[in-house]
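Here is the structure we will look at.
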Amino acid sequence: FQVYSPETAKENQKYPVAFEEWEKLARETLEDGPYWYVAGGAGSGSTMDANREAIDRIKIQQRMFCDVEERDLSVSLFGQTYHSPILLAPIGVQSIIHEEGELGSAKAAAEMGIPYIASTASSFAMEEIANVMGDAPRWYQLYWGKDQDVTASMLRRAEESGYSALVVTLDTPMLGWREQDLRNAYLPFINGIGIANYLSDPAFCSKLEKSPREDIRAAIQYFFSIYSNASLTWKDLAFLREHTKLPILLKGIVHREDAELALQHGVDGIIVSNHGGRQVDGAIGALEALPEVCDVVQGKIPVLFDSGIRRGADVIKALSLGATSVLLGRPYVYGLAAGGEEGVKRVIRNMIADIDLTLALSGRKTIKDLDRSLLASSSHDS
Ligand code: FNR
């Protein structure tokens, strides 16, 4: 992606370039409720701050004279090759951000060749999202609830509609203490937004006396009774294995012992993440947890990363510490808020160009060339 051509220079004036500008535009576009639902974190916001501090603390120590004329940003995951080391993170209830919602983000991802991870809490059913993506790569993110028939049915639907990996989010058995949302009395789910995957699920509907169309209140009530399950433990993973052939990634791991348990339970991938600082206040910055998780995993399975990624250099740091690929969260949501599908595309395009330039200027040609030797040793432990 050429960034300095005359055409792109002109185009860049129509939209923001920096993350902070996108965020500002989103702030101007959205009402308080939805804006703070996206921008807010748990409690005092200290984990969101820690995410940034952990990334800022790591420093790149670039090399010269390395012939970086030809570069390759591609990465392989579960037998597929992707041209860039980024994916769009699962983000629910996107219709509160823009009327195009997940369909806009998914189309942008498809067009840019970036895998899209569809959330259980999407405002559109997973089949509708799949439909707008053609055969572009997509993964499904599961919020694992109390009704195992509904879970099994969701897994079946994900396989049938072409999702090629399953992301199981572990850090959200309940929503964190989100002070802005409490102050704004804002919870998207109360209006039934974000439950499209349930309303379209045959197993879910079979538990209701009337169809959701006839009795939406009863449907929402049943959703609230099953949508999360705080009693799950490691031994429950066997259920998912029985019900899907897809590779299983666990999202929300920030502790070396959980990384060990994940390996012992034979999962296929780990996503080091603290949900963008939205769950546990006062927690470790996610990037700080990445090296210890990678040390445990020793390359046996891919380790992905999110929480706090805003620019190309952030991606280069995460990859150098051992991540295979990185998920974008709020950056693309702000793109969606400000410009729908086109906004998301611009965020992705700029991010890829920024990664490419930072890689080259660091003296590396490929993502595989990135390791801890690129980072100032005083900025990280090992
Ligand atoms: C999220 N995230 C999230 N994660 C998930 O597994 N399922 C989901 O439905 C959601 N929904 C969601 C909504 C909003 C508004 C945000 C901001 C985040 C977490 C997301 O996948 C990712 O972990 C974080 O967004 C990464 O942090 P940054 O990059 O936003 O700081």
FRET efficiency (residue 177, residue 366; Cβ distance; R0 35 Å; to 0.05) is 0.25
Helix 330-361 sits off the longest principal axis of the Cα atoms of the chain, rounded to the nearest 10 on a 0 to 90 degree scale, by 30 degrees
Any residue on another chain or 5+ positions along whose placed amide H is under 5 Å from the amide H of residue 122 is listed here as 93, 197
Quick calc of log₁₀ I(q)/I(0), the stretch 89-227, Debye, one scatterer on every Cα, no solvent, q values 0.09, 0.11, 0.16, 0.19 1/Å, result -0.26, -0.39, -0.84, -1.16
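Residue separation times 0.36 nm, minus the C-alpha to C-alpha distance between residue 191 and residue 24: what's the value?
Taking 0.36 nm per residue and subtracting the Cα distance, the gain is 57.5 nm.
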The alpha-carbon center of the stretch 28-103 and that of the stretch 233-309 are separated, in whole Å, by 17 Å
The ³J(HN,Hα) series, computed from each phi in the stretch 18-31 with the Karplus coefficients 6.51, -1.76 and 1.60 at θ = phi - 60°, rounded to the nearest Hz and given as x for glycine or proline, is 6, 3, 4, 6, 4, 5, 5, 5, 4, 4, 6, 8, 9, 5
Charge tally for neighbours of residue 327 with beta carbon under 13 Å away, counting Lys, Arg as +1 and Asp, Glu as -1, is +1
For the stretch 138-145, Karplus-derived ³J(HN,Hα) couplings (6.51, -1.76, 1.60; θ = phi - 60°; whole Hz; x for glycine and proline) come out as 8, 10, 10, 9, 9, 9, 8, x
Rounded to the nearest 10, the angle in degrees between the Cα long axis of helix 286-297 and the longest principal axis of the Cα atoms of the chain comes to 90 degrees
Listed by chain and number, the residues whose amide H is under 5 Å from that of residue 117, excluding neighbours fewer than 5 places away on the same chain and using placed H, are 88, 139
The simple spin-label model distance between residue 376 and residue 264, using points 7 Å out along Cα→Cβ, in nm, is 3.9 nm
Output ordering of 12-25, 336-349 (per-residue mean of other Cβ within 10 Å, highest first) is 336-349, 12-25
The answer for GluC sites (Glu not before Pro) in the stretch 195-274 that fall in a DSSP coil and have at most 16 neighbouring Cβ atoms within 10 Å is 209, 214
With only helices counted (DSSP H, runs n ≥ 4, each -39500 (n - 2.57)), the per-residue ellipticity at 222 nm for the chain, to the nearest 500, works out to -13000 deg cm²/dmol
The simple spin-label model distance between residue 210 and residue 44, using points 7 Å out along Cα→Cβ, in nm, is 5.0 nm
Residue-ordered couplings for the stretch 245-260, obtained by feeding phi - 60° into the Karplus form 6.51 cos²θ - 1.76 cosθ + 1.60 and rounding to whole Hz (Gly and Pro as x), are 9, 5, x, 10, 10, 9, 10, x, 7, 9, 9, 4, 5, 5, 5, 5
Spelling it out for residue 227: with amide H atoms placed in the peptide plane at 1.01 Å from N, the residues 5 or more places away or on another chain with amide H under 5 Å from its amide H are 146
A student asked for the Cα radius of gyration and Dmax of the stretch 6-379 in angstrom ought to give 20.0, 70
Output ordering of 31-41, 315-325, 195-205 (per-residue mean of other Cβ within 10 Å, highest first) is 315-325, 195-205, 31-41
Over all Cα pairs of the stretch 260-339, the Kirkwood radius sets Rh, and Rg/Rh then becomes 1.00
Measuring from the longest principal axis of the C-alpha atoms of the chain, the long axis of helix 148-160 (C-alpha) lies at a number of degrees, nearest 10, equal to 50 degrees
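No value in this document is a laboratory result; all are computed from the given coordinates. All of these numbers come straight from a predicted model, not from anything done at the bench. Here Cβ is always computed from backbone atoms with ideal geometry, including for glycine, and neighbour counts include all displayed protein chains.
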